[in-house]
1. Could you list all residues from segment 1-59 that are open to solvent by 10 Å² or more (accessible area, probe 1.4 Å), free of Cβ contacts under 8 Å to residues at least 40 places away in the same chain and touching a Leu at 6+ places or on another chain (Cβ under 8 Å)?
2. What single numbered condition from (1) outside any loop (DSSP other than H, G, I, E, B); (2) within 20 Å of the chain's Cα centre (by Cα); (3) small (Gly, Ala, Ser) fails to hold for residue 333?
3. Please note which strands (runs of 3 or more DSSP E) are completely contained in segment 158-219 and include at least 1 residues that are on the phi < 0 side of the Ramachandran plot and surrounded by fewer than 19 Cβ atoms within 10 Å (Cβ to Cβ).
4. Given the criteria closer than 28 Å to residue 32 by Cα, at pLDDT 95 or above and loosely packed, with under 15 Cβ neighbours inside 10 Å, does residue 273 qualify?
5. Would you check if residue 107 is more than 30 Å from residue 246 (Cα to Cα) and not in a strand (DSSP E or B)?
6. List pairs: first residue in segment 182-199 and in contact (Cβ under 8 Å) with a residue 12 or more places away in the chain and among the small types (Gly, Ala, Ser), second residue open to solvent by less than 10 Å² (accessible area, probe 1.4 Å) and assigned to a loop (DSSP other than H, G, I, E, B) anywhere in the structure, Cβ distance under 9 angstrom, at least six positions apart or on different chains.
7. Determine if segment 69-76 includes at least one residue that is open to solvent by 10 Å² or more (accessible area, probe 1.4 Å), in a helix (DSSP H, G or I) and modelled with pLDDT of 95 or more.
Amino acid sequence: MRPDTSVRLGAVRLNNPLIIGSGDHVMTAGGLRAALATGAGAVVAKSINENAAAKRQLDGSDHVLLDSEWNPLPWDFRPPADAMLFGRSGLQQMDSDEWIAAVAAADREAATNGQYVIGSIILAGLDAACDLARRYQGAGIRVLELNIGAPHGDEAVKGAIIQERAAGRVKEITAALRAAVTIPLWIKLTGQSEDVASLAAAAKEGGADAVIVMGRFMALVPDVETRAPMLGTAGAIGGPWALALTCRWLAMTRKKLGKDYPLLGTNGARSGLDLARFLLAGARAVEMTSAVMTGGFGVARRAAEEFADYLARTGGSAEELVGVAADRQVGYGVQPDRPGYWREFVPEEAR
């Protein structure tokens, strides 16, 4: 018998905790179908807003894959395990009503297999975001994600994309969207904050049904050959190293909001074992984005299979993993004293 991989996020039940996150790979109806074919529990469609500059930004998109020594890698959809995605992108350029209709059609198809296609809005103007939310709900979408943590917010043309880092604004924005729609509302938060857990608390207070921890980071990578910035600009960066940062904030957010409030993790997951790591840290589902964009949809298929194999090998269900490691975390002050042990970790000359 196959293990129980299902998870519940409030009123939403997923067949498994893998969600293919929003990005250029799910910007077409074909991309949405390919994402669903992986068996993922859900797919978040490419984000929209009504700002012309945000749509135009897609025309200036660029990406580079980097290894752990900052060397560019070929974009052949076979990246090594340590590959990092560095780049910039824009939003869906299709007419919003056309895209909403396409996403809603994909969600109806997904429902026949117990899956979801989730509509996604990136904040620019609050009134426009509320209007888009109502249009998504009117089209029949069952779950809505509002991304207020897009890493490009400070670099984009003014007003194109907003990244919120103030708890008061997070609560205000969430409350406005909550008043606009009745369907489950998930809020995606930035990782570029000194207190992600407080932003999550503000979203909860505003009425969010779940929060997503956390968006990628902005970075600058100098090219030592040209002595110019790679891609000419700063860009969003993610890689397997980010998993440890995300897991810490998941654990901190779980501690702050309680064990029953649904959290989703994103930024750093590359495999089925990574899904397990995120759940152990407190997530109930995991958005995998960069790994799928750079490695193809087979990455998600293999991750879902590997996660099921992990449960079959270790026992228990997906739900039973949630927060186990987070709840076992203790502080530095209760660690056993081992005088002189530090010498094991320095060169012999420094002992």
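1. Correct list: 55, 58.
2. (2)
3. Numbers: elements: 185-188, 210-213, 217-219.
Hits in segment 158-219: 217-219.
4. On the way: closer than 28 Å to residue 32 by Cα: yes; at pLDDT 95 or above: yes; loosely packed, with under 15 Cβ neighbours inside 10 Å: yes.
In short, yes.
5. Numbers: more than 30 Å from residue 246 (Cα to Cα): no; not in a strand (DSSP E or B): yes.
Judged against the criteria, residue 107 is not a match.
6. 191/149; 191/214; 191/215; 193/149; 193/214
7. The first filter runs over segment 69-76 and keeps only residues open to solvent by 10 Å² or more (accessible area, probe 1.4 Å), leaving 69-76.
Still in the list and also in a helix (DSSP H, G or I): none.
Looking through segment 69-76, none of the residues is open to solvent by 10 Å² or more (accessible area, probe 1.4 Å), in a helix (DSSP H, G or I) and modelled with pLDDT of 95 or more.
Rundown of residues vs (1) farther than 14 Å from residue 43 by Cα; (2) surrounded by 19 or more Cβ atoms within 10 Å (Cβ to Cβ), yes/no style:
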position: 283; (1), (2): yes, yes
position: 289; (1), (2): no, yes
position: 294; (1), (2): yes, yes
position: 300; (1), (2): no, yes
position: 309; (1), (2): yes, no
position: 312; (1), (2): yes, no
position: 317; (1), (2): yes, no
position: 320; (1), (2): yes, no
position: 323; (1), (2): yes, yes
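The values are calculated or read from the model by the stated rules, or taken from the named source; none is laboratory data. Nothing here was measured: the structure is a model prediction, and the numbers come from that model. Virtual Cβ from ideal backbone geometry, glycine too; neighbours counted across all protein chains shown. These area figures cover heavy atoms from the full protein model, side chains too; ligands, DNA and RNA do not enter into them. Shrake-Rupley method; radii C 1.70, N 1.55, O 1.52, S 1.80 Å.
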